[in-house]
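The values are calculated or read from the model by the stated rules, or taken from the named source; none is laboratory data. Just so it is clear, the structure is predicted and the values come from calculations on it, not from any experiment. Here Cβ is always computed from backbone atoms with ideal geometry, including for glycine, and neighbour counts include all displayed protein chains. Keep in mind that these areas ignore ligands, DNA and RNA; they rest on the heavy atoms of the full protein, side chains included. Shrake-Rupley method; radii C 1.70, N 1.55, O 1.52, S 1.80 Å.
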Amino acid sequence: MGKIDLVRKFIAAYNSLNVESMLSYLHPEIEFKNISNGVENAHTKGIEEFKGLANNSIQLFKEREQSITSYTESDDEVNVEINFRGILAIDLPDGFKSGETLVMTGKSTYIFKDNLIILLVDES
């Protein structure tokens, strides 16, 4: 399976809020970073930390969808441009309310080791 195919399957699991399926595409030493407006607001190391964050994150949304608008691929790396849409399940401290729809664009970098994702950086 090609790297972009792994990314697409990972995103499909993400969209369906299926943490266990997401984990099946990750290297045990996965490192994850989320950067919003240039500020890192989440960082995990190892599959257990990622699992904890992912399980917390799915509680925020009734539904969510990342869609790839374009991508580039090299030896051990895939870079994707994405559109994101999510409907909140809870009120957030920054003023967003349950039922509101968040829409944003961003990019994600996936680095691979042993045909699994070892580094994922999301930027929006």
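Among the strands (runs of 3 or more DSSP E) lying completely within region 17-124, list those that include at least 3 residues that are surrounded by 15 or more Cβ atoms within 10 Å (Cβ to Cβ) and either touching a strand residue (DSSP E or B) at 6+ places or on another chain (Cβ under 6 Å) or touching a residue at least 24 places away in the same chain (Cβ under 8 Å) (or both).
Counting at least 3 such residues, we get 26-36, 61-74, 77-88, 101-113, 116-123.
Could you grab me the full set of residues in region 40-55 that are among the polar types (S, T, N, Q) and in contact with an Asp or Glu (Cβ under 8 Å, 6 or more places away or on another chain)?
Hit for region 40-55 is 44, nothing else.
Could you check region 1-16 and list, in sequence order, the residues that are among the charged types (D, E, K, R) and open to solvent by 60 Å² or more (accessible area, probe 1.4 Å)?
The answer is 5, 8, 9.
Tally the residues that are modelled with pLDDT under 95 and more than 18 Å from residue 21 (Cβ to Cβ), restricting the search to region 43-61.
Of the residues in that region, 1 qualify.
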